[in-house]
Every structure is written in structure tokens, then in C-alpha cells.
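Heads up: the structure comes next, in C-alpha cells.
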Amino acid sequence: MPLTRPYVLIVAAGVLASCHARLSPESAIEVVFEVASDRGLRLSNVLVELEGKALGKTNSNGVLRAKIDGKPGQRLRVECVCPPGHTEGAVPKFFRIRPLDGIGESQRGALKVTLRCKLEKRLAVFIVRANNGAGLPVLLNGHTVAHTNSEGVAQFSASAPPGTDFVVKLDTQGQPDLIPQHPTHLRMLSDADDIFVVHQSFDHQKAPLPRKRRRTRITKIE
């Protein structure tokens with residue numbers, strides 16, 4: 001009988017210690033989520049989801065800090081809801097909670113996870129170099145977008161989904177002496193921003209020489 005109370009106290013103390021270890025905030029790890037476009041620009045106000053549940057939104061710097069509970073070695077799925085102008089739903093990413101045995105609180109550091117949102121449109125920059133082609137209208141897919149300068153150079157840009165075909169045409173209607181007439185160039189936009197350089201050389205058609213008037217030959221008949 002005298003030993004009952006000490007055993008009860010020991011068991012109770014063990015239960016309290018076990019609960020304290022399970023509920024201790026030190027068992028959670030800090031994770032820094034960064035959301036950026038595939039151009040590397042950070043995106044703000046983007047919802048981050050962990051295992052299908054909302055975790056929070058990124059701040060003005062495109063970053064979300066969160067404390068996550070889990071077992072060492074546990075694999076977690078994280079994704080984000082991409083903003084307008086980006087493809088809906090970035091590809092889910094997985095990360096593991098690393099073991100903390102033997103690591104002090106000051107040595108743990110935060111786990112960093114980067115999520116990417118893919119842009120729906122890509123930037124295409126065009127540089128036209130037309131030798132002997134000054135002052136020509138430049139058409140992109142049938143619309144006038146620029147004119148070549150005195151050196152035959154024009155520059156313009158366009159945004160479009162990947163896989164878009166661009167037809168660049170030099171309009172020579174105002175200069176019928178140029179050869180060739182109305183040359184066109186085809187370019188296709190890949191799944192990345194791109195720069196297209198269009199080279200075109202023109203020759204000037206030589207004006208026909210004026211025909212000499214033939215003298216009227218008079219034949220004298222005697």
C-alpha cells in the first residue's frame with residue numbers, strides 16, 4: 001500500500017511528459033514557400049495548399065511562412081492556385097520533413113520550397129533588317145505594326161500563346177521598283193520568350209532604256 005502513491009505519480013508524470021512532447025510547438029518545422037512565374041518574378045496574393053487544404057497566401061514578396069506538424073520523413077504534397085494570366089494549377093510538388101534528431105533549434109533553419117506558375121503567353125521580339133528597304137510598312141499576321149527606318153530597320157514585339165505562327169510581311173506596294181515584291185517570313189513561337197531577326201535584301205529594278213527612234217530610210221528610185 002505505501003508504494004501505490006509513488007507509482008501513480010510516476011505514471012502520471014510519464015503521461016504528462018508524453019503529451020508535452022506531442023503538443024510542443026518545437027516539434028513543428030518552419031517552411032518558407034516561394035511562388036514565382038517561370039520568368040522568375042515572384043507572385044503575391046497566391047493561395048498555397050498543403051495536402052489539398054488552404055495554408056495561406058503569399059505576401060507582397062511572393063513568400064509564405066508557415067509552421068507544419070508532421071513526422072520525420074513524411075512526404076507532403078504542396079501546390080498553389082496560379083493567378084490570372086498563368087496556367088491554372090501549377091504541377092504539385094512534394095517535399096519530406098527532415099529528421100530533427102540531434103539538431104538544435106538554432107541549427108534547424110527553415111525549409112524552402114519554390115513553386116512555379118507558367119505564363120499563358122510568351123513574348124516575341126522582332127527585329128527586321130531590310131537591305132535597300134527603307135520606309136517599308138511591316139505587317140505581322142496581316143496587320144501593320146511598324147515601318148522600316150532610313151536604314152531599313154524596324155523593331156516591334158507581340159505576346160501570344162506558345163505554338164503561335166507569325167507571318168512577317170514587307171509591303172512594297174509603294175515601291176514597285178523593288179525586287180522581290182511583298183516578301184514574307186514565317187516564324188513560330190516556342191514555349192519561351194524569343195527574339196526573331198528577319199533579314200531581307202532588295203534589289204532595284206532597272207528602268208528599261210528608251211528605245212532609239214529609227215530613222216526613216218528613203219529609197220530613191222530613178
statement: Phi angles of the stretch 177-189, converted by Karplus (6.51 cos²θ - 1.76 cosθ + 1.60, θ = phi - 60°) into ³J(HN,Hα) in whole Hz with x for Gly and Pro, give 7, 7, 10, x, 9, 6, x, 10, 9, 10, 9, 10, 7
- prompt: How do 199, 86 rank when sorted from fewest to most other Cβ atoms within 10 Å of their own Cβ?
  reply: 199, 86
- request: Can you put 87, 164 in order of Cβ neighbours within 10 angstrom, beginning with the fewest?
  value: 87, 164
query: How would you rank 195, 68, going from fewest to most other Cβ atoms within 10 Å of each one's own Cβ?
result: 195, 68
message: What does the net charge come to around residue 127 if you take all other residues with beta carbon closer than 15 Å to its beta carbon, with K and R at +1 and D and E at -1?
response: -1
task: Using only the Cα atoms of the stretch 122-204, build the gyration tensor, take square roots of its eigenvalues as a ≥ b ≥ c, and label the shape rounded, prolate or oblate: rounded if a/c is under 1.5, else prolate if a/b is larger than b/c, else oblate.
output: prolate
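Every number here is computed from the coordinates shown, using simple stated rules; none is lab data. Only a predicted model underlies this, so the values are computations on that prediction, with no experimental measurement involved. Note: ideal-geometry Cβ built from the backbone for every residue, glycine included; neighbour counts use all protein chains shown.
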